[in-house]
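The values are calculated or read from the model by the stated rules, or taken from the named source; none is laboratory data. As the structure is a prediction and not an experimental result, all values here were calculated from the model. Neighbour counts run over all protein chains shown; Cβ positions are idealised from the backbone, glycine included.
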Amino acid sequence: MDKVYIFDTTLRDGEQAPGASLTVKEKIEVAWQLERLNVDIIEAGFPIASEGDFEAVNLIAKKLKKPIICGLARSLKKDIDAARDALKPAKRKRIHVFLATSNIHMQYKLKKAKDEVLKQAVKAVKYAKQFADDVEFSPEDASRTERKFLFKVISEVINAGATVVNIPDTVGYAVPDEFSDLIIQIKKNVSNMDEAIISVHCHDDLGLSCANSLAAVKVGAKQVECTINGIGERAGSASLEEVVMALKTREDFFNFKTSIKTQELHKTSRLVSHLMAIPVQPNKAIVGANAFRHESGIHQDGVLKMPKTYEIMTPFDVGFKESNMVLGKHSGRHAFMKKLEELDIKLSKHDFENAFDEFKKLADKKKEIFDDDIIAIVEEGIEKAPKVWSFVYVHTVTGSSTVPTATVKLKKDNKIHEDAACGDGPIDACYNTIDRIIGFQPKLLNYNLKAVTSGRDALGEVTVRLKHKNKEIVGRGTSTDIIEASTKAYLNAVNKIVS
Ligand code: KIV
Ligand code: ZN
């Protein structure tokens with residue numbers, strides 16, 4: 001059976017999603033998980049775009065040995081130089097160069113004629129080839145490019161040394177029959193096409209990215225570019241988990257396999273959603289919370305009698321862990337450790353002790369501690385941001401006819417700092433107070449509160465996105481008290497800013 005290569009671009013195209021930026025450390029955490037997921041290629045960033053992107057690509061290239069590490073570059077010498085430098089330590093590297101080829105992009109964006117674009121593409125591939133054997137070329141907006149010109153560009157970049165030719169549906173305009181026909185025509189009309197791999201890169205503006213990618217695979221595309229949770233520019237990109245599970249579940253139809261360890265999908269989705277502070281909708285295919293929940297009595301009855309009546313794949317296939325061991329106040333260290341093992345969470349001794357302490361505190365407030373509570377405690381406990389400011393205490397006064405007021409106590413260098421302020425609501429009052437204590441005022445771009453599990457005593461998880469000096473930072477906090485969770489989330493982001 002032939003293999004389809006999975007090219008993950010969560011850290012590049014995915015990170016272009018509005019509000020999805022990650023710190024370098026967070027990118028590395030995602031990259032490790034992508035390696036565990038066993039993707040073939042990781043597009044780690046766009047090295048010329050920023051110092052942070054360069055550093056992330058460079059560190060990922062240094063640390064990861066299994067997947068091919070790829071860096072994006074426009075068809076410009078300075079971009080390719082940056083990609084070359086960032087990828088230097090990689091065991092297996094790829095430089096990905098792109099240039100728009102559609103009339104609308106050439107005329108309005110590039111202001112270049114066809115022959116200039118063709119020359120620039122060939123020159124860029126030749127230049128990149130001096131630094132990497134593996135060079136990918138993308139004719140941007142390929143699905144809206146005049147076909148004859150597209151065939152010519154593809155043929156010439158292959159002659160120049162491109163090993164992979166990626167066909168992007170940049171604006172998500174294609175429909176499946178048309179897109180598969182494009183791949184068929186490329187194979188027919190580009191005489192040297194068998195010297196390179198055809199890749200596809202589809203956006204989801206019409207909700208067709210996964211369908212278009214699969215239609216292309218069916219007729220000969222050998223690499224699919226996709227992202228975890230389908231994040232990406234605008235409406236996003238083809239979702240990795242959907243493409244992979246469609247190929248696996250309908251292997252009878254496609255007759256292709258991938259190298260993805262599908263049991264890592266849920267964990268990867270959760271990590272990306274958590275770090276980017278972009279929630280996954282409950283009805284999202286494969287990784288949404290409802291993807292394997294059966295509500296109707298008829299369906300439940302069917303699944304109990306024979307799971308395949310209503311389940312085309314099992315939750316276990318994609319890494320949902322079902323457990324009937326619910327912890328509580330009387331659970332000890334041993335049960336907690338067992339639960340972590342069951343959830344496949346490995347902690348250092350220090351992190352384990354912190355997580356256990358937090359678990360005990362939570363168990364005093366909450367009757368039943370579910371798996372998601374434990375994951376939330378652990379994620380908060382092993383938060384990497386140094387605690388310049390630590391949370392001590394918060395007290396708010398609020399009501400329908402009271403001016404909301406907050407008193408906050410924080411600790412820095414073993415010294416307690418306390419202040420009070422008013423606000424539009426208790427959370428605004430807390431944030432105003434923190435601003436007075438820390439001496440600056442980050443802008444709150446986004447605030448999100450969700451219950452980690454069901455029930456009135458559920459743990460609340462708050463995510464905030466702050467902006468300070470042109471940098472966007474995400475902070476998180478959990479507590480059964482939403483004011484405390486909100487304060488901790490704000491403080492978490494502040495600590496990332498000051499460190
Ligand atoms: O959507 C697109 O065309 C891209 C290219 C850089 C491949 O992201
Ligand atoms: Zn894209």
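List of remarks:
- Qualifying residue in the stretch 25-40 (condition: within 16 Å of ligand 2 (Cβ to nearest atom) and within 19 Å of LYS471 (Cβ to Cβ)): no
- Once the stretch 187-216 is narrowed to residues that are within 16 Å of ligand 1 (Cβ to nearest atom) and among the β-branched types (Val, Ile, Thr), the residue that is surrounded by the fewest Cβ atoms within 10 Å (Cβ to Cβ) is ILE197.
- Qualifying residues in the stretch 424-477 (those that are part of a strand (DSSP E or B) and charged (D, E, K, R)) - the one surrounded by the fewest Cβ atoms within 10 Å (Cβ to Cβ): LYS443
- Looking across the stretch 129-152, the residues that are more than 14 Å from ligand 1 (Cβ to nearest atom) and either in contact with a helix residue (DSSP H, G or I) (Cβ under 7 Å, 6 or more places away or on another chain) or within 21 Å of ASP8 (Cβ to Cβ) (or both) come down to PHE131, ALA132, ASP133, ASP134, GLU146, ARG147, PHE149, PHE151, LYS152.
- The set of residues in the stretch 57-86 that are away from ligand 1 (no atom under 12 Å from the Cβ), touching a strand residue (DSSP E or B) at 6+ places or on another chain (Cβ under 8 Å), farther than 18 Å from VAL30 by Cβ and not basic (Lys, Arg) comprises ILE80, ALA82, ALA83.
- When GLU295, GLU251 are checked against the criterion of being at pLDDT 95 or above and more than 16 Å from ligand 1 (Cβ to nearest atom), GLU251 stands alone in meeting it.
- Boolean, VAL57 is of a type outside the set (S, T, N, Q), closer than 18 Å to VAL153 by Cβ and either buried (at least 16 other Cβ atoms within 10 Å of the Cβ) or touching a Lys or Arg at 6+ places or on another chain (Cβ under 6 Å) (or both): no
- Candidates LYS361, LYS387, LYS346, LYS339, filtered to the one that is without any contact (Cβ under 8 Å) to a residue 24 or more places away in the chain and in contact with a helix residue (DSSP H, G or I) (Cβ under 8 Å, 6 or more places away or on another chain): LYS346
- Unmet criterion (only one of (1) at pLDDT 95 or above; (2) within 15 Å of ligand 2 (Cβ to nearest atom)) for GLU233: (1)
- Residues that are within 13 Å of ligand 1 (Cβ to nearest atom) and of a type in the set (Asp, Glu) were ranked within the stretch 9-47; the one that is nearest to ASP81 (Cα to Cα) is GLU43.
- Enumerated helices (runs of 4 or more DSSP H) restricted to the stretch 210-308, each holding at least 2 residues that are closer than 30 Å to GLU136 by Cα: 240-249, 251-254, 265-276
- Which numbered condition LYS329 misses (of (1) outside the structural domain of VAL200 (by TED's automatic domain parsing); (2) surrounded by 15 or more Cβ atoms within 10 Å (Cβ to Cβ)): (2)
- The residue list PHE359, PHE370 contains one member that is aromatic (Phe, Trp, Tyr), farther than 30 Å from ILE434 by Cα and not assigned by TED's automatic domain parsing to the domain that holds LEU491, which is PHE370.
- Qualifying residues in the stretch 166-193 (those that are within 18 Å of VAL4 (Cα to Cα) and either within 24 Å of the chain's Cα centre (by Cα) or aromatic (Phe, Trp, Tyr) (or both)) - the one farthest from ligand 2 (Cβ to nearest atom): PHE179
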